[in-house]
1. So, with a 1.4 angstrom probe, what is the percent of accessible area on the chain that is carbon and sulfur?
2. Can you find, among 120, 305, 140, the residue farthest towards the positive end of the dipole of the chain? Put +1 on the C-beta of Lys and Arg, -1 on that of Asp and Glu.
3. Taking springs between alpha-carbon atoms closer than 10 angstrom, which of 219, 192, 180 fluctuates most in the Gaussian network model of the chain?
4. Once you keep just the Cα pairs under 8 angstrom separated by 6 or more residues, what percentage relative contact order results for the chain?
5. Return the sequence-ordered ³J(HN,Hα) values of the stretch 288-297 in whole Hz as given by the Karplus equation 6.51 cos²θ - 1.76 cosθ + 1.60 applied to θ = phi - 60°, using x for Gly and Pro.
6. What are the extents of the Cα atoms of the stretch 116-237 along their three principal axes, listed from largest to smallest and rounded to whole Å?
7. What area, in nm² and to one decimal, does the C-alpha convex hull of the chain cast on average over all directions?
8. For the stretch 183-230 and the stretch 51-119, what is the centre-to-centre distance using only Cα atoms, to the nearest Å?
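The values are calculated or read from the model by the stated rules, or taken from the named source; none is laboratory data. Predicted model only: the values in this text are computed from it and were never measured. Ideal geometry is used to build each Cβ from the backbone, glycine not excepted, and the neighbour counts take in all protein chains shown. The protein model used for the area step is the full one, side chains on, heavy atoms only, and it has no ligands, DNA or RNA in it. Shrake-Rupley method; radii C 1.70, N 1.55, O 1.52, S 1.80 Å.
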Amino acid sequence: MRALTLIADRKLVLAEIDPPPPPAAGEVQIRVRAMALNHIDVWGWRGMAFAKRRFPLVVGAEAAGEIVAVGPGVTERAPGDRVVMYGALTCGECRACREGRDNLCEKVGGVMGFHVDGFARELLNVPARLVVPIPDGVDFRAAACAPIAFATVEHMLFDNARLESGETVLVHAGGSGIGTAAVKMAKAIGCTVFTTVGDDAKAEKVRALGADHVINYRTDRFEHLVRKLTGKKGVDVVFEHVGAETFNGSLLCLKRGGRLVTCGSTSGPTTTLNLMQLFQQQYRIFGSFGASMRNIRTSLEKMAAGMEPVIDTEVNLPDFERGLARLEGRQVFGKVVVHF
Ligand SMILES: [Zn+2]
């Protein structure tokens with residue numbers, strides 16, 4: 001069967017590998033139908049110092065598929081079920097896993113497609129507890145954007161930043177995969193949304209998603225505009241994932257007691273922090289990574305209720321690398337979906 005494997009940094013090969021054995025007890029066998037790309041795929045492809053992994057590595061961190069076989073003892077799933085898969089091999093036994101907070105697993109085996117073999121293969125076996133059924137009316141390409149993109153945003157905005165109806169929120173890179181999802185989720189509960197984009201074409205598109213104020217960060221200082229547009233008050237919440245380029249500006253956008261939640265550092269991982277500003281302004285800063293199983297279920301429910309992911313490009317498996325290049329060049333508006 002086909003599998004897309006990384007054999008060295010920036011070197012992907014479409015390989016023939018052996019199909020998996022029949023699913024063991026507690027496992028299901030999945031036929032992968034669609035994948036979606038995230039920045040973690042770009043990090044994995046470029047290579048990262050200190051990331052423990054072995055080549056060849058099957059890539060792909062976010063996917064949807066169909067169950068084709070179930071192992072002994074699996075009663076809650078059946079062949080033919082459409083599902084999405086959790087993007088990390090969590091232990092299922094520690095307290096965090098038992099509570100469904102798999103992203104805080106104490107014995108995580110690794111992130112799929114990054115530390116351990118991922119979803120870019122025709123068939124794979126996964127623990128039945130790590131799949132979530134896709135509701136009727138949600139197709140594979142949308143569902144493939146649930147386990148990481150939608151669920152990460154769900155976890156950031158609602159579990160960590162506790163965004164509430166009527167609040168103001170600044171969403172960085174409103175044209176990105178998670179940015180588009182954040183704009184939609186915040187607007188859906190009645191927030192006022194400020195967003196940054198890197199060009200005017202994206203500004204139009206993100207306005208069409210409902211963003212109230214769109215700032216081109218290449219032509220305007222976003223922190224000045226956000227303060228001006230909020231009457232110098234600042235916003236309740238900043239949704240960060242750009243990192244070094246924007247982090248300090250983001251703090252300046254917050255009102256006193258405001259919350260900043262971050263899940264990424266696309267422009268660089270290191271910044272300085274003014275501690276006086278941090279405590280005097282009583283900022284609350286949340287690091288967020290991954291999502292709970294509940295976040296994935298909620299994401300799929302939102303899709304079923306009509307909140308479609310924004311899809312930038314759809315490519316076939318051999319063109320995976322073209323999708324990564326679009327992400328790396330920050331050209332995308334929405335998600336890149338990969339079909340099998
Ligand atoms: Zn665990």
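1. 51
2. Of the candidates, 305 comes out farthest on the positive side.
3. With Cα springs under 10 Å in the chain, the top fluctuation among 219, 192, 180 is at 219.
4. 19
5. Each residue's phi maps through the Karplus curve to give 9, 9, x, 7, 8, 4, 4, 4, 5, 4 Hz.
6. So the extents along the principal axes, rounded to whole Å, are 54, 30, 29.
7. With every direction weighted equally, the projected area is 16.6 nm².
8. Centre-to-centre (Cα) distance: 35 Å.
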